[in-house]
Amino acid sequence: MIPINDRLALDERELEFEFIRAGGPGGQNVNKVSTAVRLRFNIPVSSLPLDVKERLTRLAGRRVGQDGVLALVAQAARTQEANRQAAIERLVELITRACEKPKTRRPTRPTFSSRLSRLESKKRRGETRARRSGPIGEED
């Protein structure tokens with residue numbers, strides 16, 4: 001079990017790992033050894049609560065496919081185990097962020113004094129414009 005927070009843990013059997021060849025510099029080792037890890041996590045069939053699943057899908061964005069499977073690739077380290085741990089840590093971080101419930105927005109109203117000052121400024125602006133449109137002085 002992989003702990004997410006004090007109330008939630010993830011079963012390792014829900015994670016699927018695929019070892020692939022990493023790209024980028026590294027010489028012959030990169031071309032021969034499959035050290036990069038692609039972690040696949042099926043969100044719809046996971047043991048996570050429904051609200052966490054929805055937030056996780058939104059947070060992960062393009063990393064979630066049409067089938068609802070989240071794919072993370074880790075290839076920074078030179079060993080499979082280090083990349084595997086890095087992928088798990090990134091998944092745990094994503095799920096931890098998805099567990100945080102967003103604050104509900106409480107609509108606020110403008111204060112009485114702010115309403116008065118707004119009306120006063122509108123009145124002053126209107127008076128200024130009214131003075132501009134007055135009759136133009138007589139010309140000979």
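Do we have any residue at all in region 132-139 that's exposed (fewer than 12 other Cβ atoms within 10 Å of the Cβ), modelled with pLDDT of 85 or more and not acidic (Asp, Glu)? Yes, the conditions are met somewhere in region 132-139.
In the set (1) modelled with pLDDT of 85 or more; (2) part of a loop (DSSP other than H, G, I, E, B); (3) farther than 28 Å from Ala9 by Cβ, Lys123 fails one condition alone, (2).
Looking only at residues in region 1-22 that are in a loop (DSSP other than H, G, I, E, B) and modelled with pLDDT of 70 or more, the one that is nearest to Val69 (Cα to Cα) is Asp11. Would you point out the residue of region 41-51, among those that are free of Cβ contacts under 8 Å to residues at least 40 places away in the same chain and surrounded by 16 or more Cβ atoms within 10 Å (Cβ to Cβ), that is nearest to Asp67 (Cα to Cα)? So, considering only residues that are free of Cβ contacts under 8 Å to residues at least 40 places away in the same chain and surrounded by 16 or more Cβ atoms within 10 Å (Cβ to Cβ), the one nearest to Asp67 (Cα to Cα) is Ile43.
Taking region 79-105, which residues are in contact (Cβ under 8 Å) with a residue 12 or more places away in the chain, assigned to a loop (DSSP other than H, G, I, E, B) and either surrounded by 15 or more Cβ atoms within 10 Å (Cβ to Cβ) or polar (S, T, N, Q) (or both)? Correct list: Thr79 only.
The values are calculated or read from the model by the stated rules, or taken from the named source; none is laboratory data. Keep in mind the model is a prediction, meaning the values are calculated, not measured. Virtual Cβ from ideal backbone geometry, glycine too; neighbours counted across all protein chains shown.
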